[in-house]
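Please treat every number below as a calculation from the coordinates, not as lab data. Just so it is clear, the model here is predicted, and its values are computed rather than measured. No Cβ is skipped: glycine too gets one built from the backbone with ideal geometry, and neighbour counts run over all protein chains shown.
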Amino acid sequence: MPIAKISAKGQVTIPAEIRKFLGVTPGTHLRFVIRGNTVQIEKGGQGIAALKGSVPVAGEQDFLAVRQHAMGEVASEIAGEGKDD
C-alpha cells in the first residue's frame, strides 16, 4: 500500500502507482470525496469544459444565435419592455 507524506505547505506527492492507476498527468484535476472517516480520490473534470456534451440537445445548435437571443432578452428586461404594469 503506497504511503505519502504531507509537506509543510500541505502538499502531497501522489505515488506513481496511484497516478498510473488513475491515469493522471500534471494539470489533471482531482476530486476529494469524504465518505465517513475515509477520503476517496477521483479523477475530476477539467472545469466547465468537462461538461460539454453532457446535456443532450435536439438538432444542431447555433451558439451565436442563442447568445444574441439571450442578449436581446436581457436588453429588453433592462429597457423595461418585459414588465407587466
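Give, to the nearest whole percent, the P(r) tail of segment 6-48 beyond 11 angstrom, counting all Cα pairs. For segment 6-48, the fraction of Cα-Cα distances above 11 Å is 73 percent. Helix 63-79 versus the longest principal axis of the chain: what is the Cα-based angle in degrees, 0 to 90, to the nearest 10? Around 60 degrees separate the two axes. Cα-based values for the chain, radius of gyration first and Dmax second, are 22.6, 69 Å. Using DSSP to call loops (not H, G, I, E or B), can you name the chymotrypsin sites (Phe, Trp or Tyr not before Pro) in segment 1-74 whose Cβ has at most 15 other Cβ atoms within 10 angstrom? Filter output for segment 1-74: empty list.
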